[in-house]
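Okay, structure first, notes after.
Every read-out reported here was derived from the displayed coordinates using simple, explicitly stated rules and does not represent laboratory data. A quick note: this is a predicted structure, and the numbers were derived from the prediction, not measured. Here the Cβ is made from the backbone with ideal geometry for all residues, glycine too, and neighbour counts use every protein chain on show.
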Ligand code: UD1
């Protein structure tokens, strides 16, 4: 990589969308605990802006309020990515950061990395190297491109190293640190409410959580599942059948909610065994997942969280970029295969399902390892005074 200016500016930490917040919260905390690191400045791109997708999570995770909010809002991928880049550039110019830290795989991750790389500001990517090998996923494009231009890549599982090696990334740029999302889970697990309390706070009937059979948790928001009427109707049909065997509680993403209305599919969810809620806060979701008999989801993060919680997860996708959750954890990839979902559901109800184990370095200390490494890395690249 090129020569960078002296590392004197702040650590510019970027978040944009819901799954970024639980990754960045422990990182900012770990940075703040090290006097040998510059101060952190938090930039929110505004990709997610609804209170339910944003404010509640900031409060739950004790994330400091952003120093800068770019307020980009929603748009097509091109519009959103371009607008983030346009608005991020002057922030970068004003802050002259030591480096830019991005997490995960959302549009904000790629947009800010690209601006920084072109300005020769080092890019640090947390959660690097995950691959679904499915370029139809917008996140896969974001992952591949961000990793190509990142200077420091922190990984959550060892499979990522093989993926990055195949893409020609030099091994000395890659560091296995563990999973910062699990740092948040470990730090907050004790603070999570009981399932009944979480449901009460969401204004839902608590009968589901109190049912002797227990309950399952559902989330669904991937474009491949919710953007086409046929796919969404198929997914909801499967969930409806599943709810006949186990009451399901579903926290619905605004994208999914809008599409259910647009395609006129609301009747599929009209049963008292399927409780539909708005997006939940971090702690409420943690409490609800922790008490569930299983989770049905297409979320990336929840595949990891259920593995850490030891709760069986059926992933309604054809692939996963987080293979360790299936190999060592409690996750099974089921796509929209009705027979498979129902037979695995029966098995989970009968036997408790896959036990799984905690993956290596998912121990609650990943952010501290990142902070320690970054302090050394920045110290080594500092231009000597007068040079
Ligand atoms: C984004 C991420 C995805 C992540 C997900 C978590 C990308 C490419 N995708 O997808 O990886 O899993 O966040 O939620 O970055 N909307 C609201 N309020 C909001 C935000 C969004 O109503 O606060 C609605 C808008 O109609 C918007 C749609 O949701 O068009 C999609 O939002 P967007 O940020 O484009 O993508 P997500 O589906 O949320």
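Inverting the mean 1/r over all pairs of different Cα atoms, compute the Kirkwood radius of the chain and quote it in Å.
After inverting the mean inverse Cα-Cα distance, the result is 21.3 Å.
Got a sec? How would 362, 377 order by Cβ neighbour count within 10 Å, fewest to most?
377, 362
Rank-order 223-232, 331-340 by packing density, defined as the average count of other C-beta atoms within 10 Å over each peptide's residues, highest first.
331-340, 223-232
Nearest 10 degrees is fine. How inclined is helix 366-381 to the longest principal axis of the chain, computing both from alpha carbons?
So the helix axis and the longest Cα principal axis differ by about 20 degrees.
Could you list the square roots of 5 times each eigenvalue of the Cα gyration tensor of region 102-152, that is, the equivalent ellipsoid semi-axes, sorted largest first and rounded to whole Å?
Ellipsoid semi-axes (Å, largest first): 18, 10, 8.
What ranking, highest mean first, results for peptides 74-83, 166-175 when packing means the other Cβ atoms within 10 Å averaged over each residue?
Put in order of decreasing packing, that is 74-83, 166-175.
Is region 68-123 rounded, prolate or oblate when judged by the Cα gyration tensor, a ≥ b ≥ c being the square roots of its eigenvalues, rounded requiring a/c under 1.5 and prolate requiring a/b larger than b/c?
Prolate.
Roughly what angle does helix 338-351 make with the longest principal axis of the chain, taking Cα atoms, 0 to 90 degrees, to the nearest 10?
Helix 338-351 sits roughly 80 degrees off the main axis of the chain.
If a paramagnetic tag sat 7 Å from the Cα of residue 69 along the Cα-Cβ line, which residues of region 91-117 would have the backbone N under 17 Å from that point?
Label zone hits: none.
Which value results when the Cα radius of gyration for region 194-351 is divided by 2.2 N^0.38 Å?
0.94
Could you list 137, 289 in order of exposure, starting from the residue whose Cβ has the fewest other Cβ atoms within 10 Å?
Neighbour counts put them in this order, fewest first: 137, 289.
Residue separation times 0.36 nm, minus the C-alpha to C-alpha distance between residue 230 and residue 257: what's the value?
8.2 nm
Output the antiparallel fraction of DSSP beta bridges having both residues in region 194-351, as a percent to the nearest 5.
The antiparallel proportion sits near 0 percent.
Using the alpha-carbon atoms, what tilt in degrees (0 to 90, nearest 10) does helix 107-118 show relative to the longest principal axis of the chain?
Value to nearest ten degrees: 10.
So between residue 93 and residue 173, what do we pick up on full extension, going 0.36 nm a residue minus the alpha carbon distance?
Extending this stretch completely gives an extra 26.3 nm.
What whole-number distance in Å separates the alpha-carbon centres of region 332-387 and region 126-157?
So the two Cα centres are separated by 14 Å.
Using Cα centres only, tell me the gap between region 50-101 and region 180-259 in whole Å.
Answer, in whole Å: 27.
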